[in-house]
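Contents: one structure, followed by commentary.
Nothing in this text is a laboratory measurement; each read-out follows from the coordinates by a stated rule. It should be emphasised that the depicted structure is a prediction, and the values quoted were computed from it without experimental measurement. Ideal geometry is used to build each Cβ from the backbone, glycine not excepted, and the neighbour counts take in all protein chains shown.
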Amino acid sequence: MTRKETTMETIRIRICLGTACHVLGASQFQHLADHLPASLRDRVQIEWTRCLGLCREYSGQDQPPYVMVNDQVVTRASIPSVLACIRTQAGD
Amino acid sequence: MLASLTATMALEYMSGDCMIARAAEIIMDALPICRTRRISYSTFSIVDAAADGTVRLIEYANPPVLLIRDGAAVEIGRIPVGKPRWGGRVLHYAEIKARAGDRLVLVSDGITQAGLGRADTPLGWGYDQMARTLTRQLEAAPDLSARDLSQFLLSRAIRMDGDKTGDDMTCACIYFRRPRPLLLLTGPPFYTERDAEVARYLERFDGRKAVCGGTTSDIIARELKLPVSMDMGNFDPEIPNTSIMPGIDLVSEGCVTLAKVAEILESGVVPSNRNGATRLVDLIQQSDQIEFVVGTAVNPAHQDPCLPMELDIRRNVLKRILRLLETKYLKETKVTFI
């Protein structure tokens with residue numbers, strides 16, 4: 001996806017590809033773009049990142065994989081939970 | 001079976017410091033003789049290369065060992081050695097002084113006779129034509145490894161035989177060159193005060209460099225002020241993506257990648273997909289001296305009981321890799337825990 005100008009309306013998605021996130025299923029998010037509703041596709045900017053260090057901050061139920069939707073951390077992330085967060089942020 | 005027996009005998013005698021000529025005589029006396037063709041089974045070529053560059057060759061009934069020097073095939077003077085009890089069978093003995101850059105190529109006649117009886121090569125490939133093919137290949141790729149050169153020769157011979165081998169084909173290449181060193185750094189130092197020291201060591205290392213681990217690569221990037229970015233070229237669901245850092249040959253993830261490397265080295269089969277693990281195996285196989293610098297700081301994020309047990313047992317995985325490199329792959333290794 002091409003990098004867009006970050007505006008108030010852009011929703012920035014950062015998918016952590018650190019070890020713990022990868023082991024617990026981060027690769028599923030390579031299909032995230034395919035599940036975006038048409039109305040949000042132009043607003044969502046997806047990035048893959050090196051380890052965000054969230055595994056050191058969170059524990060217990062808040063397991064990897066971690067995805068950040070703007071500044072919000074989605075723990076135990078899945079495509080449905082990330083989409084739900086995107087919709088919330090988009091005010092959908 | 002007889003080829004295996006011959007090779008085993010030769011290896012045992014050589015490792016027991018038996019003189020190469022004496023070893024060859026014992027083998028000649030031991031080998032059975034074909035009643036029809038009146039030659040021994042099996043044929044053999046023995047190369048004994050010493051650290052000072054002295055190379056002794058003993059050959060029996062194989063195509064002559066080929067010496068390629070400065071891009072050209074060089075004739076080796078051979079002395080025939082026969083004994084009355086061998087009934088006309090003759091050994092050939094030679095001694096040369098190898099120079100840096102020399103290559104020795106040993107082949108069985110299945111390779112020089114590849115294509116025998118086919119329309120374009122009725123008499124087979126031929127020794128001289130094979131030699132010309134090799135020198136042309138080395139002209140195009142002067143730094144070709146011994147492994148790649150033997151693979152090239154073998155696959156060319158198989159193709160000439162119509163993609164099926166008419167006779168058994170054996171090829172060995174020896175390349176006299178400087179050892180290739182590789183430094184593999186994985187894990188942050190136990191004491192953060194040593195971060196700079198490790199980074200400087202890596203920077204000054206004269207050879208190829210691999211950094212395995214996100215935290216480790218962050219340390220190097222910070223200390224050496226290098227940019228690091230994720231390589232999204234190939235996405236592999238099993239192995240985390242590699243990163244890119246200038247001056248470092250490979251920046252990979254740590255534990256998962258190294259565990260896969262151990263698995264690949266154990267099986268001996270390298271999968272065809274390109275990921276951090278297969279690329280690291282490639283680097284390792286191309287190197288002769290591999291130095292491991294292993295940080296012993298524990299990653300608290302990997303202590304979560306919900307994660308697989310293999311994560312962060314870095315020491316155990318590395319011990320496995322070291323054992324394999326030394327025993328199976330005959331690499332020189334060195335390890336420092338910091």
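Assuming a ≥ b ≥ c are the square roots of the Cα gyration tensor eigenvalues, decide whether the stretch B:171-286 counts as rounded (a/c under 1.5), prolate (otherwise, with a/b larger than b/c) or oblate. It is oblate, given that a/c is not under 1.5 and a/b is not larger than b/c.
For the pair B:ALA140 and B:MET14, a Förster radius of 30 Å applied to the C-beta separation gives a FRET efficiency near 0.30, rounded to the nearest 0.05. DSSP assigns beta bridges within the stretch B:98-228; of those with both partners inside it, close to 55 percent run antiparallel.
How charged is the neighbourhood of B:ASN275? Take every other residue with its Cβ under 12 Å from the Cβ of B:ASN275, and add Lys/Arg as +1 and Asp/Glu as -1. Local charge sum for B:ASN275: -2. In order along the stretch B:187-195, the phi-based Karplus estimate (6.51 cos²θ - 1.76 cosθ + 1.60, θ = phi - 60°) of 3J(HN,Hα) comes to x, x, x, 4, 9, 5, 5, 8, 4 Hz; Gly and Pro are listed as x. Between B:LYS328 and B:ALA21, the distance separating the two model label sites (each 7 Å from Cα on the Cα→Cβ line) works out to 4.1 nm. If R0 equals 35 Å, the separation of the Cβ atoms of B:GLU75 and B:VAL270 corresponds to a calculated FRET efficiency of about 0.40.
Looking at chain B as a GNM with Cα springs under 10 Å, which of B:ALA297, B:ALA119, B:ALA72 has the largest mean-square fluctuation? Sorting by GNM fluctuation, first place goes to B:ALA119. For the stretch B:1-106, the set of GluC sites (Glu not before Pro) satisfying both a DSSP loop assignment and a count of at most 10 other C-beta atoms within 10 Å is given as B:GLU75. Treat every Asp and Glu Cβ in chain A as -1 and every Lys and Arg Cβ as +1, leave all other atoms uncharged, and give the resulting dipole magnitude about the Cα centre to the nearest 20 debye. Computed about the Cα centre, the dipole is about 160 debye. Within the listed set B:ALA49, B:ALA157, B:ALA30, the residue fluctuating most in the Gaussian network model of chain B (springs between alpha-carbon atoms under 10 angstrom) is B:ALA30. Counting beta carbons within 10 Å around each of B:MET160, B:MET19 and listing the fewest first gives the order B:MET19, B:MET160. Taking a Cβ cut-off of under 11 Å around B:GLY214, the surrounding Lys, Arg, Asp and Glu residues balance to a net charge of -1, with basic ones at +1 and acidic ones at -1. Convert 37 °C to kelvin, take the viscosity as 0.692 mPa s, use the Kirkwood radius over C-alpha pairs of chain A as Rh, and evaluate the Stokes-Einstein diffusion coefficient in µm²/s, rounded to a whole number. Taking Rh from Cα pairs, D becomes 248 µm²/s.
The smallest convex shape that holds all Cα atoms of the stretch B:1-96, its convex hull, gives 112 Å³ per residue.
A viscosity of 0.692 mPa s and a temperature of 37 °C, combined with the Kirkwood radius over Cα pairs in Stokes-Einstein, give a translational diffusion coefficient for the stretch B:107-254 of 173 µm²/s. Each Lys and Arg Cβ is given +1 and each Asp and Glu Cβ -1; about its Cα centre, the protein assembly as shown then shows a dipole of about 820 debye. Angle of helix A:79-90 to the longest C-alpha principal axis of chain A, folded into 0 to 90 degrees and rounded to 10: 50°. Against the main long axis of the alpha-carbon atoms of chain B, helix B:314-327 sits at an angle near 10°. By other beta-carbon atoms within 10 Å, ranking A:LEU32, B:LEU250 with the fewest at the front produces A:LEU32, B:LEU250. Seen through its C-alpha gyration tensor, with square-root eigenvalues sorted a ≥ b ≥ c, the stretch B:27-150 comes out oblate because a/c lies at 1.5 or above while a/b is not bigger than b/c.
Around the Cα centre of chain B, unit charges on the Cβ atoms of Lys, Arg, Asp and Glu (plus for the first two, minus for the last two) sum to a dipole of about 920 debye.
Simple rule: put +1 on each Lys or Arg Cβ and -1 on each Asp or Glu Cβ in the protein assembly as shown, find the dipole, and look at B:LEU202, B:ALA10, B:ILE239; the Cα lying farthest toward the positive end is B:ALA10.
Distance from the C-alpha centroid of the stretch B:69-109 to that of the stretch B:201-244: 47 Å, rounded to the whole angstrom. Entry for the protein assembly as shown at q = 0.09, 0.10, 0.13 Å⁻¹: log10 I(q)/I(0) = -0.75, -0.85, -1.12, Debye formula applied to identical alpha-carbon scatterers, no solvent contribution.
Annotation: the residues B:ILE27, B:ILE111, sorted from fewest to most other C-beta atoms within 10 Å of their own C-beta, follow the order B:ILE27, B:ILE111.
Can you work out D for the stretch B:157-197 in µm² s⁻¹ from Stokes-Einstein, where Rh is the Kirkwood radius over C-alpha pairs, the temperature is 20 °C and the viscosity is 1.002 mPa s? The diffusion coefficient I find is 135 µm²/s. Shown here are the Rg and Dmax of the Cα trace of chain B, at 24.6, 76 Å. A DSSP coil position with no more than 12 other Cβ atoms inside 10 Å describes the following trypsin sites (Lys or Arg not before Pro) in the stretch B:48-115: B:ARG99. Which angle from 0 to 90°, rounded to the nearest 10, does the C-alpha axis of helix B:2-15 make with the longest principal axis of chain B? The two axes meet at around 70 degrees.
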